[in-house]
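S.K.: Let me begin by handing over the structure; questions about it come next.
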Amino acid sequence: MTRTVQCIKLGREADGLERPPYPGELGQRIFESVSREAWQGWVQHQTMLINEYRLSTIDPKARKFIEGEMEKYFFGTGASAPDGYTPPQ
């Protein structure tokens, strides 16, 4: 049976994640209020951030930056693209 959540990002009820996608309190908040569809949107945004800023996911500062952007993306004002970024056509 599929679990549903009232998705904070989409503003509607949608299929939820199977388990917390990130450790700790932030992961639990995401699990409780973010849909699979919204999570996929974050994965794409995160990939763009990693590529554009040339981040290494083993660097603690980069992980902290990504975590902050994830928090903004779901629960804050929204994460933005890097200055000068133009999406591929």
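S.K.: Are any residues in the stretch 55-89 among the aliphatic types (A, V, I, L, M), surrounded by fewer than 16 Cβ atoms within 10 Å (Cβ to Cβ) and in contact (Cβ under 8 Å) with a residue 12 or more places away in the chain, and if so, which ones?
M.R.: Of everything in the stretch 55-89, just one residue is among the aliphatic types (A, V, I, L, M), surrounded by fewer than 16 Cβ atoms within 10 Å (Cβ to Cβ) and in contact (Cβ under 8 Å) with a residue 12 or more places away in the chain, namely Ala81.
S.K.: Could you list all residues from the stretch 57-74 that are hydroxyl-bearing (Ser, Thr, Tyr) and assigned to a loop (DSSP other than H, G, I, E, B)?
M.R.: Passing the criteria: only Thr57.
S.K.: So, one more: State all residues of the stretch 1-54 that are assigned to a strand (DSSP E or B) and surrounded by 15 or more Cβ atoms within 10 Å (Cβ to Cβ); if no residue qualifies, say none.
M.R.: Val5, Ala14, Gly16, Ser35
S.K.: Can you run down the residue pairs with Cβ atoms below 7 Å, 6 or more apart or on separate chains, where the first is in the stretch 15-28 and touching a residue at least 12 places away in the same chain (Cβ under 8 Å) and the partner is surrounded by 15 or more Cβ atoms within 10 Å (Cβ to Cβ) and β-branched (Val, Ile, Thr)?
M.R.: From the stretch 15-28, the pairs are Gly16/Val5; Leu17/Val34; Pro21/Ile30; Tyr22/Ile30.
S.K.: Could you list, in sequence order, the residues of the stretch 34-54 that are in contact (Cβ under 8 Å) with a residue 12 or more places away in the chain and among the β-branched types (Val, Ile, Thr)?
M.R.: Val34, Ile50
Only the coordinates and a few stated rules stand behind these numbers; no lab work does. Here the structure is a predicted model, which is why all the values come from computation and not from measurement. Cβ: placed from backbone, ideal geometry, glycine included. Neighbour counts: every protein chain shown.
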